[in-house]
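The values are calculated or read from the model by the stated rules, or taken from the named source; none is laboratory data. Quick caveat: nothing in here was measured; it's all calculated off a predicted structure. Here the Cβ is made from the backbone with ideal geometry for all residues, glycine too, and neighbour counts use every protein chain on show. The area values use the complete protein model at the heavy-atom level, side chains included, leaving out ligands, DNA and RNA. Shrake-Rupley method; radii C 1.70, N 1.55, O 1.52, S 1.80 Å.
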Amino acid sequence: MTHTARRMFELLEPICLVTYFADECNQELAALGHRTYWDGYFASRAAPLGRVPAQVVHAAFYSFADGEAARHIPSVWETIPPEASVAARERGSAASVRRILGDEVADSPGLVRAADLTTKAATNAPTQGRVMYAAMRALPVPSDPVARLWHSATMLREHRGDGHVAALVGARIGGAEAHVLSALEMGIHPPESFGRLHHLPKERLAAVMDGLRERGLVDTDGRFTDAGRETKQRIETLTDELAAPPYDALSPTELDELVTELEPITTTLVAAGSQ
């Protein structure tokens, strides 16, 4: 099932990424009154948690620097209810998927079947220890097949994300440290130039890199050591293992069918860059 979880991540991630890469979601959130991309991001992604303080959002999201959540939460909800942001995110994301796929594919029996099977998996996993996933599970599942596919793919993304956070915590890798390891895995050097890191204060970046060096995970040049590469691989393997339970709800035949129906959808989204 570890292989299945990795394959499903590859197939479903491009569906989820329209929320962050395509225009429609940002336009819907801006129309509500969110002033910046990040206002809309924090408002809409955190909204299923309810009106929780910034400390809770920071803990659940895990990978953002200290103070980043507090720049948006709870101020984003003072004039725009969380429920409105959730609805806008769904509308915009579904519109992006439909535009990229075209009406013929979006209205096809294959997409409906993919949505049904993805929803079956996404609504049959345990919620214990899965804060972001449980919050998404509490939302109503859309009736429109395109919106349902996006919604269920995003539920599974949050389920996987919760497991990834658990794997990082177990490995004693913080949010900034995780971005360094990801940057190195992607071949970005120096890792401090990675988009999720370069805006941090130089002192903070230096402390992160020094800590990774002291643990023997990066060398003096800021590149992976064998121990660092092995730690990153161990985290990813455990993430795959923890992401597998939703797919226990599908029979082998249903899994094969889901992969078959998703492959052309994902291919089209990848070719468009999910935007």
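Of (1) open to solvent by 20 Å² or more (accessible area, probe 1.4 Å); (2) in a helix (DSSP H, G or I), Val146 satisfies all except one. Which?
The failed condition is (1).
For Val86, work out the one condition from (1) at pLDDT 95 or above; (2) in contact with an Asp or Glu (Cβ under 6 Å, 6 or more places away or on another chain) it doesn't fulfil.
(2)
Would it be correct to say that Phe21 is in contact with a helix residue (DSSP H, G or I) (Cβ under 8 Å, 6 or more places away or on another chain) and closer than 29 Å to Leu200 by Cα? Walk me through how you get there before you give the answer.
On the way: in contact with a helix residue (DSSP H, G or I) (Cβ under 8 Å, 6 or more places away or on another chain): no; closer than 29 Å to Leu200 by Cα: yes.
Criteria not met by Phe21.
How do the pairs read when you match residues in region 23-43 that are of a type in the set (Val, Ile, Thr) with residues anywhere that are outside any helix (DSSP H, G or I), using Cβ under 9 Å and keeping only pairs 6 or more apart or on different chains?
From region 23-43, the pairs are Thr36/His72.
Listed here are the residues, each with its yes/no results for (1) open to solvent by less than 10 Å² (accessible area, probe 1.4 Å); (2) closer than 21 Å to Gly273 by Cβ; (3) modelled with pLDDT of 95 or more.
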| site | (1), (2), (3) |
| --- | --- |
| Ala106 | yes, yes, yes |
| Ala121 | yes, no, yes |
| Tyr133 | yes, no, yes |
| Arg137 | no, no, yes |
| Val141 | no, no, yes |
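Give Arg157, Arg172, Arg98, Arg91 a once-over and let me know the one that is among the charged types (D, E, K, R), surrounded by fewer than 16 Cβ atoms within 10 Å (Cβ to Cβ) and either touching a residue at least 24 places away in the same chain (Cβ under 8 Å) or within 30 Å of Asp221 (Cα to Cα) (or both).
Arg172
If I ask for residues that are outside any loop (DSSP other than H, G, I, E, B), open to solvent by 30 Å² or more (accessible area, probe 1.4 Å) and of a type outside the set (S, T, N, Q), which ones from region 185-222 would you list? Talk me through it step by step, then tell me what you get.
First, the residues of region 185-222 that are outside any loop (DSSP other than H, G, I, E, B): 185, 191-193, 202-214, 218.
Now restrict to residues that are open to solvent by 30 Å² or more (accessible area, probe 1.4 Å): 185, 192-193, 202-204, 206-207, 210, 213-214.
Within region 185-222, Glu185, Glu192, Lys202, Glu203, Arg204, Ala206, Ala207, Asp210, Arg213, Glu214 qualify.
Restricting the search to region 66-86, which residues are surrounded by fewer than 17 Cβ atoms within 10 Å (Cβ to Cβ), closer than 30 Å to Ala166 by Cβ and not basic (Lys, Arg)?
Matches in region 66-86: Asp66, Gly67, Ala70, Ser75, Glu83.
Anything in region 1-57 that is polar (S, T, N, Q) and within 30 Å of Asp256 (Cα to Cα)? List them, or say none. So that I can check it myself, show each step before the final result.
Our first condition is that a residue be polar (S, T, N, Q); within region 1-57, this holds for 2, 4, 19, 26-27, 36, 44, 55.
Matches in region 1-57: Thr2, Thr4, Thr19.
Residues in region 231-265 that are over 22 Å from the mean Cα position of the chain (by Cα) and assigned to a helix (DSSP H, G or I): how many?
The total comes to 6.
For Pro126, work out the one condition from (1) surrounded by 15 or more Cβ atoms within 10 Å (Cβ to Cβ); (2) touching a Pro at 6+ places or on another chain (Cβ under 9 Å); (3) in a loop (DSSP other than H, G, I, E, B); (4) not acidic (Asp, Glu) it doesn't fulfil.
In the conditions (1) surrounded by 15 or more Cβ atoms within 10 Å (Cβ to Cβ); (2) touching a Pro at 6+ places or on another chain (Cβ under 9 Å); (3) in a loop (DSSP other than H, G, I, E, B); (4) not acidic (Asp, Glu), Pro126 misses (1) alone.
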